[in-house]
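Inspection log for the structure reproduced underneath, given as structure tokens.
We did not get these values from a lab; they are worked out from the coordinates using the rules stated. Keep in mind it's a predicted model, so treat the numbers as computed, not measured. Neighbour counts run over all protein chains shown; Cβ positions are idealised from the backbone, glycine included.
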Amino acid sequence: MLDETVRIDRYGVMGYPISHSRSPVIHRLFALQTSQNLQYELLQVAPGKLDQAVQQFQRTGGKGLNVTAPHKTAIARLCDQLSERATLAGAVNTVVFRENEIYGDNTDGVGLLRDLTHNQQLGLRGKNILILGAGGATRGIAGPLLSLSPHSLVIANRSIEKAEALVEIFENRGAVSACRFDEVPTELSYDLIINATSAGVNGETPPYPEAAVSAKTICYDLSYGLTPTPFSVWGKEHNAVRSVMGWGMLVEQAAESFHIWRGVRPDTAPVLKQIAITA
């Protein structure tokens with residue numbers, strides 16, 4: 001006789017818009033691989049509706065959430081406790097509903113590091129890194145990148161003030177500096193250039209510094225798509241040794257969230273093969 005009382009734990013991802021998200025596919029593959037009984041939903045939540053949506057999800061048995069744009073900063077204010085990495089990032093992308101509290105974490109940085117060091121086989125100690133953009137995405141990854149002791153981390157942005165504000169947050173963690181897009185120091189030979197802007201995706205003219213790319217540079221776009229992103233195309237056109245979209249980071253940050261929720265770490269390699277598209 002079948003046990004009709006078997007409970008299926010509820011998880012989901014909140015964002016706006018959200019229909020493009022690949023997170024449900026990734027987490028269903030993780031659940032199948034690890035024999036976890038759960039469901040994972042797409043939850044479109046408009047700005048201004050986050051509080052109500054989170055309360056409703058928790059009240060109806062939700063166990064945890066992923067949170068994406070534009071809610072990563074707002075969700076932090078609803079959490080009773082934040083991890084150190086969420087506090088440093090100033091944003092939350094993973095929520096756990098505990099008995100008496102809402103716990104917030106951020107797995108973006110560790111997801112990027114896992115993709116760079118494990119999947120891409122890139123050692124970052126003593127290397128020169130350039131990040132394009134000084135928004136929330138950069139704040140989420142700067143701390144984890146500096147934890148691997150690069151020689152330098154340069155944050156370039158259209159507005160120098162935003163880049164300098166991030167330098168103030170992270171300057172006690174390593175050699176980090178700020179500049180404008182048109183003032184990127186080209187005397188450095190960059191091992192890694194990370195695009196953390198929305199340029200190109202939104203139809204803007206990408207402010208990519210051509211002189212920063214050399215034959216040893218890996219270009220890494222935090223964005224990803226079914227076709228190569230403008231930055232990944234640009235990297236190839238300028239003879240970067242490799243030009244990569246952010247599929248690996250997406251899968252690796254999801255695996256970290258899954259581990260936080262379920263206490264088991266899935267194997268990301270077969271999942272990445274199923275969903276990833278290379279530039």
Inset, instruction - Please give the helix 23-34 orientation as an angle from the longest Cα principal axis of the chain, in degrees from 0 to 90, rounded to the nearest 10. - result: 70
Legend entry - FRET efficiency, 1/(1 + (r/R0)^6) with R0 35 Å, evaluated for GLN39 and GLU164 via beta carbons: 0.20
Inset, instruction - Name the most mobile residue of GLY61, GLY90, GLY143, meaning the one with the largest mean-square fluctuation, in a Gaussian network model of the chain with Cα contacts below 10 Å. - result: GLY61
Inset, instruction - For every helix of n ≥ 4 consecutive DSSP H residues, a contribution of -39,500 (n - 2.57) applies; sum these over the chain, divide by its total residues, and give [θ] at 222 nm rounded to the nearest 500 deg cm²/dmol. - result: -9500 deg cm²/dmol
Inset, instruction - Go ahead and set up a Gaussian network model of the chain, Cα springs under 10 Å, then flag whichever of THR197, THR60, THR87 fluctuates most. - result: THR60
Inset, instruction - Pairs of Cα atoms under 8 Å, at least six residues apart: use those to get the relative contact order of the chain, whole percent. - result: 15
Inset, instruction - Provide, for q = 0.25, 0.29 Å⁻¹, the log10 of I(q)/I(0) from a solvent-free Debye sum over equal Cα point scatterers in segment 68-120. - result: -0.88, -1.05
Inset, instruction - Could you calculate the contour length gain from LYS49 to ALA269, that is, 0.36 nm times the residue separation minus the distance between their Cα atoms, to one decimal place in nm? - result: 75.6 nm
Legend entry - Beta bridges per DSSP with both ends in segment 9-106, % antiparallel, nearest 5: 35
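Name the shape class, rounded, prolate or oblate, that the alpha-carbon gyration tensor gives for segment 9-106, where a ≥ b ≥ c are the square roots of its eigenvalues, rounded holds for a/c under 1.5, and otherwise prolate holds if a/b is larger than b/c and oblate otherwise.
Rounded.
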Legend entry - Which of VAL13, ASN172, SER149, positive extreme of dipole for the chain (C-beta unit charges): VAL13
Legend entry - Prolate/oblate/rounded call for segment 109-247, Cα gyration tensor, a/c under 1.5 rounded: rounded
Inset, instruction - Please express the Cα-Cα pair-distance distribution P(r) of segment 76-181 as a list of whole percents, one per 5 Å bin, running from 0 to the bin with the greatest distance. - result: 2, 13, 21, 21, 18, 13, 7, 3, 1, 0
Legend entry - Lysine pair count for the chain [Cα-Cα under 22 Å; pairs on different chains or 8 or more apart]: 8
Legend entry - Residue with peak Gaussian network fluctuation, the chain [Cα springs, cutoff 10 Å], from ALA142, ALA31, ALA76: ALA31
Legend entry - Relative contact order (%) - criterion: Cα under 8 Å, at least six apart; region: segment 88-244: 18
Legend entry - Alpha-carbon centroids, segment 227-272 and segment 19-91: separation in whole Å: 19
Legend entry - Shape of segment 93-153, Cα gyration tensor, a/c cut at 1.5: prolate
